[in-house]
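In what follows, a structure is listed as structure tokens, so that the remarks can point back to it.
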Amino acid sequence: MRSSRNHTRRKLITLVSLTAVASLALSGCTAAADGNEAADGPTKISVVLASIAFENAYQAKEQGFFEDEGLDVTLVPGGDPAANLAQLVSGEVDFAMVGGSTAVTAVTNGLPVKVVLNNESIDPEAGTSGLVSAPGSPITSMEDMKGKSVAVLGLATGAELQLYEAAEDAGVAFDAMQLVVTPLPGMLEAVGAGHVDTALIFPPFYDIAKAQGFTVIGEPTREYGGGMPNTVWVATENTVETRSDVVDRFRSAMSKAADFYNENYEDARRITGEQTEIPAELLENRVYVERDPAVYVERYQYLIDTMVRFGQVENSLSVEDVLAEGTPTR
């Protein structure tokens, strides 16, 4: 039997977090939508960002793409996917950026949310994230990971699944590792200080880890997740159904931003530095991945099926159950 006490505990923690979010949804709070439809001016909306892949949202604001669509957008720095979802369903924000698997978990747990747009898919050729250990650590390969702790950005994430697949291929039981939710900016410090054995770390901190001599154990996200949605945009079902024009305008603005981002990586590098306060010299080798508004349906379905296989969700569903009508696909 796959499940162990550690795995069951991780699953319970995830369900507790989502249950708390669901209680907000049932309370019927819709503050973000109230009073925003100005007949004689732009529509005011709020958007909460993930701690990664946020640069194109700032470009959409700076380049006037939101303004072109009649949107007055407040960008809210975010972090933990459950916290972003809580802000969405409570009505604090109108759109939220979360992981592709986070959206699936939310839907399977009854949250009234839908994916309205892809943000970033995993590039199988780009080493933007990796599993790292401290300089000089004896942990140098996936075979060494049995019983080791891993700093992760959140539970029930796509990255966690790809870590499980890598461990499985290395002969290590996926539930033999202890996952420790850690804010992205604190991961390297946690590993360096010995609070955790390893970290599954993302840009821009992965590049910093390599520059500082941390050992790269592997790049499971790239190796196993190619084409899967890394980050997606979600809205509540109420927004999708009653404010479809706002959804369409948001999609249009972010699609323009994707094109701009893909042609202006240096501008994205500037935004990364401004929003993270990381010195420019530490971002020189930062790898940027193309933004694609379209959901790669086949790979998203594989992600869902893998979530079922590793017990993150109990019942399978189709990609169509997660997507809002009109979401671009490929």
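Observations on the model:
- Heavy atoms of Lys148: accessible area, 1.4 Å probe, square angstrom to 10: 60
- Annotation: extensible slack from Ala211 through Ala193 equals 4.7 nm (criterion: 0.36 nm per residue apart, minus Cα-Cα distance).
- Dipole magnitude of the chain, debye to nearest 20 (Cβ charges: Lys/Arg +1, Asp/Glu -1, about Cα centre): 1120
- For the chain, the solvent-accessible area works out to 41 Å² per residue, with a probe of 1.4 Å and every protein chain left in place.
- 222 nm mean residue ellipticity, helices alone, for the chain (DSSP H n ≥ 4; -39,500 (n - 2.57); rounded to 500): -12000 deg cm²/dmol
- Among Glu160, Glu223, Glu125: highest mean-square fluctuation, GNM of the chain, C-alpha pairs under 10 Å: Glu125
- Net length gained if the chain between Asn262 and Glu298 were fully extended (0.36 nm per residue, minus Cα distance): 10.6 nm
- Proximal lysine pairs, the chain, alpha carbons under 25 Å, eight or more residues apart or interchain: 11
- Spin-label pair Glu290-Glu320: with each label point 7 Å from Cα along the Cα-Cβ axis, the two points sit 2.8 nm from one another.
- The chain - percent relative contact order, Cα under 8 Å, separation 6 or more: 25
- Between helix 158-169 and the chain: long-axis angle, C-alpha atoms, 0 to 90°, nearest 10: 30
- Relative compactness, the chain, computed as alpha-carbon Rg over 2.2 N^0.38 Å: 0.97
- Contour minus Cα-Cα distance for Val308 and Glu274 (0.36 nm per residue): 8.4 nm
- For the range 256-330, relative contact order (Cα pairs under 8 Å, six or more residues apart, normalised by length) works out to 29 percent.
- Efficiency of FRET between Glu143 and Gln178 - r from beta-carbon atoms, R0 25 angstrom, step 0.05: 0.90
- Computed in the context of the full set of protein chains, the accessible area of the range 35-191 at 1.4 Å probe radius has 50% of its extent on carbon or sulfur.
- C-alpha center-to-center spacing [the range 281-318, the range 41-55] in angstrom: 21
The values are calculated or read from the model by the stated rules, or taken from the named source; none is laboratory data. Being a predicted model, the structure only gives us computed values, none of them experimental. Backbone-built Cβ (ideal geometry, glycine too); neighbour counts: all protein chains shown. The accessibility values were calculated without ligands, DNA or RNA, using every heavy atom of the protein model including side chains. Shrake-Rupley method; radii C 1.70, N 1.55, O 1.52, S 1.80 Å.
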